[in-house]
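Enquirer: Pasting a structure here, questions to come.
Please treat every number below as a calculation from the coordinates, not as lab data. These numbers were taken from a predicted model, which means no experiment stands behind them. Every residue, glycine among them, receives a Cβ derived from its backbone with ideal geometry; neighbour counts consider all protein chains shown.
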Amino acid sequence: MSESISWSDWLDYNSETINKSPTKPGVFMMHAAMKILLIQGTENIRKELADTLSNDCTAQATRFRYTISEQYQKIYQELIQDYKNRHEGKLPKCME
């Protein structure tokens, strides 16, 4: 990666925690049973996370973390490429 990413702690995936997340641009990822389900870049972390609550696949998540960055598109692309490199070219479960 071209820059080191300053991630939040892994947080419980629920509406209360999501409502405390920032409304700033950045990237977030979520997991269930330590398997990444989704990596997402967005202009508004809180709004995008809230939208995932109604998705059948991402609703299975138990934890999420985020990083705030104006460079979210670049970070997102790097994270996706890194994930694919480590998982035989596959995307996270909720991105297939």
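Enquirer: Defining a contact as two alpha carbons under 8 Å apart and six or more residues distant in sequence, what relative contact order in percent does region 11-91 show?
Expert: Once normalised by length, the contact order is 34 percent.
Enquirer: Can you pull out the chymotrypsin sites (Phe, Trp or Tyr not before Pro) in the chain whose DSSP state is coil and whose Cβ has at most 15 other Cβ atoms within 10 Å?
Expert: Trp7, Trp10
Enquirer: Also: List the pairs from Lys35/Lys84; Lys24/Lys74; Lys24/Lys47; Lys24/Lys93; Lys35/Lys93; Lys20/Lys74 whose alpha-carbon separation is above 20 Å, in the order I gave them.
Expert: Lys24/Lys93; Lys20/Lys74
Enquirer: Got a sec? How would Ser21, Ser4 order by Cβ neighbour count within 10 Å, fewest to most?
Expert: Least crowded to most crowded, the residues run Ser4, Ser21.
Enquirer: Could you tell me what fraction of 2.2 N^0.38 Å the Cα radius of gyration of the chain comes to, as a two-decimal ratio?
Expert: 1.00
Enquirer: Looking at region 1-92, which trypsin sites (Lys or Arg not before Pro) are in a loop (DSSP not H, G, I, E or B) and have at most 12 other Cβ atoms within 10 Å?
Expert: Counting only loop positions with at most 12 other Cβ atoms within 10 Å, the trypsin sites (Lys or Arg not before Pro) in region 1-92 are Lys20, Lys90.
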